[in-house]
Amino acid sequence: VAEPLVLGIETSCDETGIGIVRGRTLLANTIASSMDEHARFGGVVPEVAARAHLEALTPAIGRAVADAGIRLDDLDAIAVTCGPGLAGALMVGVAAAKSLAVALGKPLYAVNHLVGHVGADLLQGEGLREVAGTAGELELPTVALLVSGGHTSLLLVRDLVSDVELLGETIDDAAGEAFDKVARLLGLPYPGGPHIDRVAADGDPAAIRFPRGLTLPKDLARHRYDFSFSGLKTSVARWVEKAEAAGEPVPVPDVAASFREAVADVLTAKAVAACRDLGVPRLLLGGGVAANARVRELAGERAAAAGIELRVPPLSLCTDNGAMIASLGAQLVAAGSAPSGLGFGADSTLP
Ligand code: KG4
Ligand code: ZN
């Protein structure tokens, strides 16, 4: 099938995402989030997320099918995230996908969540390419920087189906996690990334020089493409404590802007360095932190200076969603890959 009709199920974290695509055409992208339930805990509670998926899945599938104007019987295949992510949350999606595949007699494809983020950039359609900043189809190889609350990974993608290499990842906190923890420190609501972004707009990014993790020559030798954000978070905490102990008001916009600058600096410097080192003239951003205004701006500047094409999908496809999983599934079907069968499980630490 050249343009397979595929339904994708994403439940690796707090978003219940159902997407439907026909080849590279996006037909539906339904999201139900349990974030409101986690907010008062200051982080995603795995058990709560799993239960929320169980309740949201069937209605979300119904909505997506209605939005796409298809019948479930028309599907060529079903794709589902099997990892990495929260174990219980993944299990709900995998069990639902298996049930649907058996009931409909359709082939089932288990896909890697991170590779799915890259699949988001393959989708073509109204409104999708303008926001992405570049026209035309994604060419390979590409470097991909995937930054969210759960992951911070730099990938070299030579082939979406068969050749994805992990260049580096965070050795402690994910970038989004760092945003969320620093926001909490500054008294901003959870999830904190968007709030830091907003507040930082009025601050001076050069007010405080916060550390850039794993960028010293001695670190670069072993961790050229790896990230570390826990030292940065601690440094912000110490700075705030010191100000408070001295009885000085904390200049929240300056702290937020200086912190955001440190994160954006390391993320974009390492991603662009990877493109240069490997001779790959393409960089793709994905994950919730790709929404960050300064990350986007600095990535744009540095990519342009290095002659690298920067691709950023629209926000609805940057954050976790089912369309990216369906898109990757469609690639698998079109490439003639064998379905996964029903014997696979959920792998929370899938590489
Ligand atoms: O991809 P995503 O929706 O879910 C996963 O974590 O998988 O990413 C959510 C993360 C949160 O940590 C949130 O604070 C962060 O992305 N985020 C941002 C921004 N918008 C969302 N971080 C920085 N700046 C933003 N504008
Ligand atoms: Zn994700």
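Brief remarks on what is shown
- Looking across the stretch 15-36 at every residue that is part of a strand (DSSP E or B) and in contact with a Pro (Cβ under 8 Å, 6 or more places away or on another chain), the one that is nearest to Ala110 (Cα to Cα) is identified as Arg22.
- Of all residues in the stretch 321-351, exactly one satisfies the criterion of being touching a strand residue (DSSP E or B) at 6+ places or on another chain (Cβ under 6 Å) and at pLDDT below 95, namely Leu350.
- Considering residues of the stretch 275-297 that are of a type in the set (A, V, I, L, M) and surrounded by fewer than 22 Cβ atoms within 10 Å (Cβ to Cβ) only, the residue nearest to ligand 2 (Cβ to nearest atom): Ala291
- So Asp197, is it in a loop (DSSP other than H, G, I, E, B), closer than 23 Å to Lys270 by Cα, within 11 Å of ligand 1 (Cβ to nearest atom) and of a type in the set (Asp, Glu): no
- Cβ pairs under 8 Å, 6+ apart, first in the stretch 287-299 and closer than 9 Å to Asp197 by Cβ, second part of a helix (DSSP H, G or I) and at pLDDT below 95: Ala291/Leu315; Ala291/Cys318
Matching residues to (1) within 16 Å of ligand 1 (Cβ to nearest atom); (2) surrounded by fewer than 17 Cβ atoms within 10 Å (Cβ to Cβ); (3) under 19 Å from the mean Cα position of the chain (by Cα):
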| residue | (1), (2), (3) |
| --- | --- |
| Val6 | no, no, no |
| Ile20 | no, no, yes |
| Val44 | yes, no, yes |
| Pro59 | no, yes, no |
| Asp67 | no, yes, no |
| Asp74 | no, yes, no |
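- Spans of helices (runs of 4 or more DSSP H) in the stretch 236-351 with at least 2 residues more than 29 Å from Leu27 (Cβ to Cβ) and not acidic (Asp, Glu): 252-278, 293-305
- Subset tally (residues that are crowded, with 17+ Cβ neighbours inside 10 Å, aliphatic (A, V, I, L, M) and more than 14 Å from ligand 1 (Cβ to nearest atom)) for the stretch 244-274: 6
- Condition met for Arg209 (surrounded by fewer than 16 Cβ atoms within 10 Å (Cβ to Cβ), assigned to a helix (DSSP H, G or I) and either in contact with a helix residue (DSSP H, G or I) (Cβ under 9 Å, 6 or more places away or on another chain) or at pLDDT below 95 (or both)): no
- All positions within the stretch 146-168 that are among the hydroxyl-bearing types (Ser, Thr, Tyr) and either within 12 Å of ligand 2 (Cβ to nearest atom) or touching a strand residue (DSSP E or B) at 6+ places or on another chain (Cβ under 9 Å) (or both): Ser148, Thr152, Ser153
Here's the yes/no breakdown for (1) within 16 Å of ligand 1 (Cβ to nearest atom); (2) part of a helix (DSSP H, G or I):
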position	(1), (2)
Ala2	no, no
Cys13	yes, no
His38	yes, yes
Leu54	no, yes
Met91	no, yes
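- Filter result for Gly203 (crowded, with 21+ Cβ neighbours inside 10 Å and either farther than 30 Å from Glu139 by Cβ or among the polar types (S, T, N, Q) (or both)): yes
- Arg24 meets each of the listed conditions (1) modelled with pLDDT under 95; (2) over 24 Å from Gln124 (Cβ atoms) apart from (2).
- Matching entry among Val115, Val102, Val143 (being more than 16 Å from ligand 2 (Cβ to nearest atom) and under 15 Å from the mean Cα position of the chain (by Cα)): Val143
- Restricted to the stretch 147-171, and to residues there that are among the acidic types (Asp, Glu) and without any contact (Cβ under 8 Å) to a residue 40 or more places away in the chain, the residue that is nearest to Arg296 (Cα to Cα) is Glu165.
- Criterion violated by Ser316 - all others in (1) buried (at least 22 other Cβ atoms within 10 Å of the Cβ); (2) modelled with pLDDT under 95; (3) among the polar types (S, T, N, Q) satisfied: (1)
- Taking the listed residues Ser316, Ser340, the one that is farther than 18 Å from Tyr225 by Cα, of a type in the set (Gly, Ala, Ser) and under 16 Å from the mean Cα position of the chain (by Cα) is Ser316, with no other qualifying.
The values are calculated or read from the model by the stated rules, or taken from the named source; none is laboratory data. In this text, all values refer to a predicted model and were calculated from it rather than measured experimentally. Because the Cβ atoms are built from the backbone with ideal geometry, glycine has one as well, and the counts that use them run over all protein chains shown.
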